[in-house]
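The values are calculated or read from the model by the stated rules, or taken from the named source; none is laboratory data. Keep in mind that what you see is a predicted model, and the values were worked out from it rather than measured. Positions of Cβ are generated from backbone atoms using ideal geometry, with glycine treated the same way; all protein chains shown enter the neighbour counts.
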Amino acid sequence: MNKQQIGNLVLRLVLGIIFLVHGIAKFQTGLDNTAGWFQSIGLPGALAYIVAIMEVACGLAVIVGLATRWVSAGLTIILLGAIFTVKLSAGFTGTAGKTGYEFDLALLAISVYLTLVGSEGLSMDRWLLRGKKSEGVKENPSS
């Protein structure tokens, strides 16, 4: 692995772990509580269930490097939603009782980066593509 692949792997692991932990926390505190909070800020409560499931599933997928670009694009949507519906009003660094959007912005940058370039270092995508490439060689031995 070269330096860029190592850097991409580090970003992928950090993003995946953060989302996985946040998703698990939503399940541990009770999705009904999270749904109630979503409703209190004017969002449909059912969206809490979708977000929690996406955070866990996408977090795991990014960690193992499965469909990294597509999954990161989904996380980008979640982050944009969080920034514009919850965090923006508190400002960049936040107010007395409310966190700002600086952390979400950093995660957004990572997810956009991974959406654009992906991450093949130690990933399921690389392993799966390697298998397809070798199958293609078997099918067409003249190439």
Specify which of the listed residues (I110, I83) is in a helix (DSSP H, G or I) and either under 21 Å from I50 (Cα atoms) or over 16 Å from the mean Cα position of the chain (by Cα) (or both). I83
Give the residue that is modelled with the highest pLDDT, with candidates limited to residues of the range 18-55 that are among the hydrophobic types (A, V, I, L, M, F, W, C) and not in a helix (DSSP H, G or I). L43
If you scan the range 69-115, which residues turn out to be among the polar types (S, T, N, Q) and under 17 Å from V10 (Cβ atoms)? S72, S111, T115
State whether the residues of the range 41-59 include one that is farther than 21 Å from L128 by Cα and either in contact with a strand residue (DSSP E or B) (Cβ under 9 Å, 6 or more places away or on another chain) or among the polar types (S, T, N, Q) (or both). no
Restricting to the range 86-98, give me the number of residues that are surrounded by 14 or more Cβ atoms within 10 Å (Cβ to Cβ) and either in a strand (DSSP E or B) or among the aromatic types (F, W, Y) (or both). 1
Would you say L66 is in a helix (DSSP H, G or I) and over 14 Å from L11 (Cα atoms)? no
Options L20, L9, L15: the member that is under 14 Å from the mean Cα position of the chain (by Cα) and farther than 22 Å from V86 by Cβ: L9
Members of the range 8-49 that are under 14 Å from G65 (Cβ atoms), free of Cβ contacts under 8 Å to residues at least 24 places away in the same chain and surrounded by 14 or more Cβ atoms within 10 Å (Cβ to Cβ): none
